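These notes are about the structure you will find just below.
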Amino acid sequence: MKALFLGAFFLSTLQLNAQDSVIGMFNNNLAKADDYYVNGNYLEAIRIYKDLAQSKEAPSTINLRLARSYYFTHNYANAKLKYEKFSEENRLSEIDKFYYAESLTSIGDYQKALEIYQQAYSKDQQNEMLAARIWRLNNINYLLEDSLENAVKYISINTEYSELKASLYDDGVVFTSNKPAVSLIKKLDTKAGTSFYHFYRTDTRPDPFDINALVYEDSEPFAQSLGANYHVASFSFFNDYNEMVLSMSAAKPNAKGVYPLQIFFARKKGKKWSIVAEFPHNNIAYSLYEPWMNEGGTEIYFSAEIPGGYGGKDIYKSVLTDSSWSKPGNVGEVINTAGDEIHPFMGQDGIFYFASNGHPGLGGFDLFKVKKIGERYGELENLGYPINSGFDDFALSIDSLNRHGFLTSNRKRGGLDDDIYEFDMGLQSYPLEVSGKVKFIEHNWMDSTELELLPNVRMVLIDNKNQQKVLETNSDKEGNFSFTVPYYSQYKIRIVSDELDGIVSFEVPKYSKANDSYEIVVVNDDFKKPK
């Protein structure tokens, strides 16, 4: 009996020790995941939290930990699921209700998101951010209108990795990507577990089959001498593409062991790019993101979490005067919010673009524009669908006409998988009413003052691509004409009368113009029928 009792005692002791060992290992892993979370390494935190969630030892907050980690990695669908799982037996805090509602907005569940915002607003009726979101969701149809004047297209430079920012460059496009570079030594971002971002370039040419697209050649490394051992996060060209401002990870960590992004200036000599200076207001205590520089190299905008701002990332401006950069100034509450404002870009005519998750929109980060007049900013405008989506849309760059450019979005696969999209704004919409006058001149060398109206001629609109007749009309007795162009194409018009028969080119501009009136000129030397 004594031996049996001792055997049972030792067996029980071994089971208790094994159980203590399992619990100890669980707690160690939970602490490790929490440490990843606190340091912003949400992907590693998710990996461990997911395993721990399968255990009966998992704390009641495990789904809350997962929900927040998914939210901060922009995986809004999974964030929503984990918030709902946690709330089955627990109450959400006010901040988590906000994150939950934001996730619902991003995946298009506007009604449920509206209910949560309204509940929160009933307890905090001074909260302008909540009020703005409630107003936006009550009027969401205005942002969801599928504008025929705007077009967005996924482009071929994207990979299974993340493409972060694109900009026109000579006859091509420069962009950043974290696709693995060909190297004997792999350098990884320990937070994301991916390669560092580096520069790439691709040549482009017009797509002959699509008005709203370019054809992209194979990409190749660009400016490899810049940030070879570090992240290159964002950039802006100036001085006719001969200089660049960029944000790049610092060479040394700060007191927290973090390598913050800092701003540097680079110049091209021959084909090689070199860092020539760093922004004098860099601060190792925090990151400076997404710089944009004007063409003259005298104004810089960037995003940063400088203490004393409105909350989150704010946009700041610094001006070069007498060879020194002014102390960065916050651009103010018209643009900045308690959320994050990122990727500033100044277009032509004082149109300022940026992305924000603080201003209400379709979900995640939306793109906005505002007219800058002097140092004042006008009324904010959400760029709407399809420029914006329910996902994160940011890093807009646009041409000198404020018409064609690029944006970055995770709308295809979500999370941290960002891709670059080509877009056009203000496209001509169809069907299009066209009107004008047909005029006549005897010889092509004659002055335009000798033009005469050409009445009562037959006009045949022909699609140049397939040579098919699209429609037929006539000018009136005063040479006026009008017809409806049914779709975009390259056209020509055949002009026919008793004495004339010939072809004139007829081009409909890619972008819409106000009060277009066409003048078609027939030169008798070219159109006269042989007798």
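The values are calculated or read from the model by the stated rules, or taken from the named source; none is laboratory data. Computed from a predicted structure; not experimentally measured. Note that we place each Cβ from the backbone using ideal geometry, even for glycine, and neighbour counts take in every protein chain shown. For the accessible areas, the whole protein counts, side chains as well, though only heavy atoms, and no ligand, DNA or RNA atoms are used. Shrake-Rupley method; radii C 1.70, N 1.55, O 1.52, S 1.80 Å.
Anything in segment 111-157 that is open to solvent by 70 Å² or more (accessible area, probe 1.4 Å) and of a type in the set (Phe, Trp, Tyr)? List them, or say none.
135, 142, 154
Cβ-Cβ below 9 Å, separation at least six or inter-chain, first residue in segment 141-162 and at pLDDT 90 or above, second among the β-branched types (Val, Ile, Thr) and not in a strand (DSSP E or B): which pairs?
152/387
Does residue 312 meet the test of being open to solvent by less than 20 Å² (accessible area, probe 1.4 Å) and part of a loop (DSSP other than H, G, I, E, B)?
When the stated conditions are applied, residue 312 does not pass them.
If you go through segment 371-397 one residue at a time, how many are of a type in the set (Phe, Trp, Tyr) and more than 13 Å from the chain's Cα centre (by Cα)?
1
Select, from 113, 132, 101, the only residue that is under 18 Å from residue 365 (Cβ atoms), in contact with a His (Cβ under 8 Å, 6 or more places away or on another chain) and among the small types (Gly, Ala, Ser).
Testing whether each residue is under 18 Å from residue 365 (Cβ atoms), in contact with a His (Cβ under 8 Å, 6 or more places away or on another chain) and among the small types (Gly, Ala, Ser) leaves just 132.
If I go through segment 309-326 residue by residue, how many of them are closer than 26 Å to residue 338 by Cβ and without any contact (Cβ under 8 Å) to a residue 24 or more places away in the chain?
So the answer is 3.
Restricting to segment 32-64, name every residue that is among the β-branched types (Val, Ile, Thr), part of a helix (DSSP H, G or I) and open to solvent by 40 Å² or more (accessible area, probe 1.4 Å).
Matches in segment 32-64: 38 only.
Select from segment 180-197 the residues that are at pLDDT 75 or above and open to solvent by 40 Å² or more (accessible area, probe 1.4 Å) and list them in ascending order.
Selection gives 180 alone.
Considering only segment 237-280, state which residues are under 16 Å from residue 328 (Cα atoms) and not in a strand (DSSP E or B).
279, 280
So residue 391 passes all but one of these: (1) crowded, with 22+ Cβ neighbours inside 10 Å; (2) among the aromatic types (Phe, Trp, Tyr); (3) closer than 20 Å to residue 512 by Cα. Which condition number does it fail?
(3)
Tell me, which residue of segment 69-104 that is aliphatic (A, V, I, L, M) and surrounded by fewer than 23 Cβ atoms within 10 Å (Cβ to Cβ) is nearest to the chain's Cα centre (by Cα)?
Across segment 69-104, the extreme among qualifying residues is 77.
Under 8 Å between Cβ atoms, which residue pairs at least 6 apart in sequence (or on different chains) link something in segment 35-51 that is farther than 15 Å from residue 258 by Cβ and among the hydrophobic types (A, V, I, L, M, F, W, C) with a partner that is in a loop (DSSP other than H, G, I, E, B) and open to solvent by 80 Å² or more (accessible area, probe 1.4 Å)?
43/191
If residue 283 satisfies all but one of (1) over 17 Å from residue 358 (Cα atoms); (2) in a strand (DSSP E or B), what's the number of the condition it fails?
Only one criterion is unmet by residue 283, namely (2).
Tell me which residues, restricted to segment 256-274, are open to solvent by less than 70 Å² (accessible area, probe 1.4 Å) and over 14 Å from residue 325 (Cβ atoms).
257, 258, 260, 261, 266, 268, 270, 273, 274
Can you tell me which condition residue 436 does not meet? The list is (1) under 30 Å from residue 407 (Cα atoms); (2) open to solvent by less than 30 Å² (accessible area, probe 1.4 Å); (3) not β-branched (Val, Ile, Thr), and all the others hold.
Every listed condition holds for residue 436 apart from (1).
Restrict the check to segment 476-499 and report whether at least one residue is more than 35 Å from the chain's Cα centre (by Cα), over 30 Å from residue 363 (Cβ atoms), open to solvent by 80 Å² or more (accessible area, probe 1.4 Å) and among the polar types (S, T, N, Q).
Within segment 476-499, none of the residues are more than 35 Å from the chain's Cα centre (by Cα), over 30 Å from residue 363 (Cβ atoms), open to solvent by 80 Å² or more (accessible area, probe 1.4 Å) and among the polar types (S, T, N, Q).
All but one of (1) open to solvent by 40 Å² or more (accessible area, probe 1.4 Å); (2) outside any strand (DSSP E or B) hold for residue 472; which doesn't?
In the conditions (1) open to solvent by 40 Å² or more (accessible area, probe 1.4 Å); (2) outside any strand (DSSP E or B), residue 472 misses (2) alone.
Conditions tested, residue by residue: (1) of a type in the set (D, E, K, R); (2) out of contact with any strand residue (DSSP E or B) (no Cβ under 6 Å at 6 or more places or on another chain); (3) at pLDDT 90 or above.
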| position | (1), (2), (3) |
| --- | --- |
| 108 | no, yes, yes |
| 133 | yes, yes, yes |
| 137 | no, yes, yes |
| 170 | yes, yes, no |
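Look at segment 352-362 and say how many of its residues are open to solvent by 10 Å² or more (accessible area, probe 1.4 Å) and of a type in the set (Gly, Ala, Ser).
1
Return the pairs, sorted by first residue and then second, in which the second residue is of a type in the set (D, E, K, R) and in a loop (DSSP other than H, G, I, E, B), the first residue lies in segment 226-255 and is touching a residue at least 60 places away in the same chain (Cβ under 8 Å) and open to solvent by 40 Å² or more (accessible area, probe 1.4 Å), the beta carbons are less than 7 Å apart, and the residues are 6+ apart or on different chains.
Pairs found: 241/170.
Taking segment 316-360 only, how many residues are closer than 20 Å to residue 403 by Cβ and not in a strand (DSSP E or B)?
Residues in segment 316-360 being closer than 20 Å to residue 403 by Cβ and not in a strand (DSSP E or B): 4 in total.
Output the residue which, of all residues in segment 330-351 that are farther than 15 Å from residue 378 by Cβ and among the hydrophobic types (A, V, I, L, M, F, W, C), is surrounded by the most Cβ atoms within 10 Å (Cβ to Cβ).
The qualifying residue surrounded by the most Cβ atoms within 10 Å (Cβ to Cβ) is 342.
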